[in-house]
Amino acid sequence: MSPKTLYDKIWDAHLAHEAEDGTCLIYIDRHLVHEVTSPQAFEGLRMAGRTVRAPDKTIAVPDHNVPTTEGRENPEAMTEDSRIQVAALDKNATDFGIHYYPVSDVRQGIVHIVGPEQGWTLPGMTVVCGDSHTATHGAFGALAHGIGTSEVEHVLATQTLIQRKAKNMKVEITGKLNPGVTAKDITLSVIGATGTAGGTGYVIEYCGEAIRELSMEGRMTVCNMAIEGGARAGLIAPDEKTFEYIRGRPHAPKAGQWEQAMEWWKTLYSDDDAQWDKVVTIRGEDIAPVVTWGTSPEDVLPITEAVPAPESFKGGKVDAVRRALDYMGLTPGQKLTDIEIDTVFIGSCTNGRIEDLRAAAEVLKGKKVKDGMRAMVVPGSGLVRAQAEEEGLADIFREAGFEWRLAGCSMCLAMNPDQLAPGERCASTSNRNFEGRQGYKGRTHLMSPAMAAAAAVTGHLTDIRDLA
Amino acid sequence: MQKFDKLSGIAAPLPLVNIDTDMIIPKQFLKTIKRSGLGVNLFDEMRYDREGNEIADFVLNKPAYREAQILVTGDNFGCGSSREHAPWALADFGIRAIISTSFADIFYNNCFKNGILPIVLPQEQVDVLMSDAEKGANARMEVDLEAQTVTTSDGEVFGFEIDPHRKHCLINGLDDIGLTLEKAAAIDAFEARASAERPWV
Ligand code: SF4
């Protein structure tokens, strides 16, 4: 048998049909659904008199629009548009008999946090969701694609996705990470190195010692941003850490089937002599704590650097950087650590898990948020929130002066009331620093939870290594 | 998708050229959770005044044409933005066929995804159909996709061209989903095999 990559193996195990022109139907094991990209798809099913082919493999949760403040059950807490979208998901979930975690359920949260937390995401699966950060689930060795609304409808109706096979790309992070360097710094540094189109047409497999050393939470952070590097999906081969994370979760295989599953899961790795269409290698020791300074996730630099000059770039990027610096209100040569901020957002499907909250709380213990700043923590799910309360993290956040919110996407995309005002500058643990992403004219700097917490304390972008 | 084979219906004359998708469905109606329900805002700015009252002159507000299923229109229908809300709005109103000398490309494609048949005919024939449509509710036009013909209320028949694959999809009510469902046997077989091999999924 010819050697295969992990992607090849999962692909082959899910190929339901291949047409003569190479168009393939890939069978989908898990379909995650949220309120924003699904209403027209369900509407389409109704209009055509169709049903959901595999309701037991379809899981829905509202996250994008929902307020994260107390009392959000009150319909007044939402704008009309949002209320309608959430109500539509309520109804669709009931009508079509799919698994559902409504706002009132403690298990509610960001779809990409809820899936793994409940054991829906398992190694070797195909996972789709009408959301680009579906790549997160790749941390389990699952092939996870973001899809559009027509495709959502296609998967609901047929449990398959029309696809052409992508190319294989290997991103290897060798060696060990230095103190203060996290999964977020890895994933941002990879995008900084390859660019936002570097992964276009590829499925990325992350490997190497530094990746193996990461916790499952950290691996999810890495895969989450595969999409920001342009890739169709990101993957990490499952190992003992993966199996341990999964064991005992509500929808993980039970005794009997567990052993059978493990037998297959252990075959899920890229063969030694597998062919790669592209390979990127980065030394773990070379990765520093980083922040973004511009309006693209590829605008990444170590926190010790200064704002770059547009002229130091080539081609179309020169103008793009000029525009970005203007938008961000920054001057070339300005030290990154001199950039003052007024808002801190810790949360999102990139960094809204328990380990992220622990890392931030560790920094904040016994410290206070700088005067006049707005700082909020938005746990990725109700269960993350409950656990953080149990561990005493919530108290640390509150005492430091952070708002302790309910679960949702919140200021990651500012579709709910959590938004930046024009000109406000945010240290954010989310994944996109696009113009307007966190609010009209809002300015976003992406970084790790520890770095965001450090910035909350000092009021400016801060090297976590200096704060200790 | 709704199948299209034969249609006998009222045709509304809309002899404007370059009707764009903004005119078909203005942008304020795109903030919706639905594809359906857009029919009431079809041609919104031509159809209602700023207070929301119907403009009596507009063809679809006239008693004779309120039930129209066919539009006979001017050149370059559906130009402008690619919004699929345009065919969604037309379909929701009840329009099943549109006859013109030409259509904008994206709009043309979008029609087929939504069970609408866009028919291209030469100017002289469109002119004949336009006058036929102007006769009002008593004049029913016939469209036969299988035979590829349009018949006026006077029995005059015009043939039209259509891509065989699109015709096949429309007659059988097939969209992407419909086509995939044709492979249901392959999906069933895959599912049976996979659930034997990976019963925990
Ligand atoms: S947290 Fe942000 S990136 Fe993640 S699903 Fe929500 S909006 Fe998308």
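Since every read-out is calculated from the coordinates, none of them should be taken as a lab result. For clarity, every value in this text was computed on a predicted model and none was experimentally measured. Here the Cβ is made from the backbone with ideal geometry for all residues, glycine too, and neighbour counts use every protein chain on show.
Just want the answer: with Cβ charges of +1 for Lys and Arg and -1 for Asp and Glu, which residue in A:GLY372, A:VAL111, B:ILE99 is farthest toward the dipole's positive end in the protein assembly as shown? It is A:GLY372, whose Cα lies furthest towards the positive end. The convex hull defined by the C-alpha atoms of the range A:232-362 has an orientation-averaged projected area of 12.9 nm². Label sites at B:VAL17 and A:PHE434, each approximated as a point 7 angstrom past Cα along Cα to Cβ, lie 3.8 nm apart.
Within the P(r) computed for the range A:148-241, what percentage of the Cα pairs occupies the region above 19 Å? Cα-Cα pairs in the range A:148-241 separated by more than 19 Å: 46 percent. Working from Cα positions, state the angle (0 to 90°, nearest 10) between the long axis of helix B:123-133 and the longest principal axis of chain B. Between helix and principal axis, roughly 80 degrees. Within a straight-line Cα-Cα reach of under 14 Å, A:LYS367 can be paired with the following aspartates and glutamates, leaving aside sequence neighbours fewer than 8 residues apart in one chain: A:ASP395, A:GLU399.
Kirkwood-type hydrodynamic radius, the protein assembly as shown: 27.1 Å, calculated from all non-identical alpha-carbon pairs.
Each Cα pair under 8 Å and six or more residues apart adds its sequence gap; the mean of these over the residue count of chain A is a relative contact order of 17 percent.
For the range A:414-468, state the average projected area of the convex hull of the C-alpha atoms over all orientations, rounded to one decimal in nm².
Directional mean of the projected Cα hull area for the range A:414-468 stands at 3.8 nm².
Were the residues from A:LYS365 through A:GLU340 laid out at 0.36 nm apart, the gain over their Cα-Cα distance would be 6.8 nm.
Listed by chain and number, the lysines whose C-alpha is less than 25 Å from the C-alpha of A:LYS368, apart from same-chain residues fewer than 8 away, are A:LYS184, A:LYS335. The residues packed around B:GLY9, meaning those with a beta-carbon under 14 Å from its beta-carbon, carry a net charge of 0 if Lys and Arg are +1 and Asp and Glu are -1.
Taken over the range B:1-154, the percentage of Cα pairs per 10 Å bin, counting from 0 up to the bin with the maximum distance, is 12, 44, 37, 7, 0. Dipole of the protein assembly as shown computed with +1 at Lys/Arg Cβ and -1 at Asp/Glu Cβ about the Cα centre; of A:CYS129, A:ILE282, A:CYS24, farthest Cα towards the positive end is A:ILE282. With the convex hull drawn over the C-alpha atoms of the range B:144-201, the volume per residue is 88 Å³. Computed 3J(HN,Hα) for the range B:193-199, one whole-Hz value per residue from the Karplus formula 6.51 cos²θ - 1.76 cosθ + 1.60 where θ = phi - 60°, is 5, 5, 6, 6, 6, 10, x, glycine and proline marked x. On a 28 Å Cα-Cα criterion, which of the cross-link pairs A:LYS278/A:LYS441; A:LYS241/B:LYS183; A:LYS57/B:LYS6; B:LYS6/B:LYS113; A:LYS4/A:LYS314; A:LYS165/A:LYS266 come out too long? Going by Cα-Cα distance, A:LYS278/A:LYS441; A:LYS241/B:LYS183; A:LYS57/B:LYS6; A:LYS4/A:LYS314 fall outside the 28 Å limit. Okay, which of the range A:188-213 sit inside 13 Å, backbone N to the point 7 Å along the Cα-Cβ direction of A:PHE313? Within reach of a label on A:PHE313: A:192, A:195-197. Just B:ASN53, B:ASN41, B:ASN61 to compare: in a GNM of chain B, with alpha carbon springs under 10 Å, which one fluctuates most? Most flexible of the set in this elastic network: B:ASN53.
Between the residues B:ILE33, B:SER131, B:ALA68, the greatest Cα displacement towards the positive end of the dipole of the range B:6-197, with unit charges on the Cβ of Lys, Arg, Asp and Glu, is found for B:ILE33.
Taking a temperature of 25 °C and a viscosity of 0.890 mPa s, what whole-number D in µm²/s does Stokes-Einstein yield for the range A:265-314 with Rh from Kirkwood over alpha carbon pairs? Don't skip to the end; give the middle numbers.
Details: Rh = 14.7 Å.
For the chosen part, D equals 167 µm²/s.
Its Cα centre serving as origin, the range B:6-197 has a Cβ charge dipole (Lys and Arg +1, Asp and Glu -1) of approximately 520 debye. Please list log₁₀ I(q)/I(0) at q = 0.12, 0.18, 0.25 Å⁻¹ for the range A:94-161, using the Debye equation with identical point scatterers on the alpha-carbon positions. For the range A:94-161, the Cα-only Debye profile gives -0.32, -0.74, -1.24. With each label modelled as a point 7 angstrom along the Cα→C-beta vector, the A:GLU209-A:ASP21 pair spans 4.9 nm.
At an R0 of 60 angstrom, the distance between the Cβ atoms of A:ASP105 and B:ALA139 translates into a FRET efficiency of 0.55. Shown in residue order for the range A:430-447 are the 3J(HN,Hα) couplings computed by the Karplus curve 6.51 cos²θ - 1.76 cosθ + 1.60 at θ = phi - 60°: 7, 10, 10, 10, 4, 4, x, 4, 9, x, 3, 6, x, 10, 10, 10, 8, 6 Hz (x for Gly and Pro).
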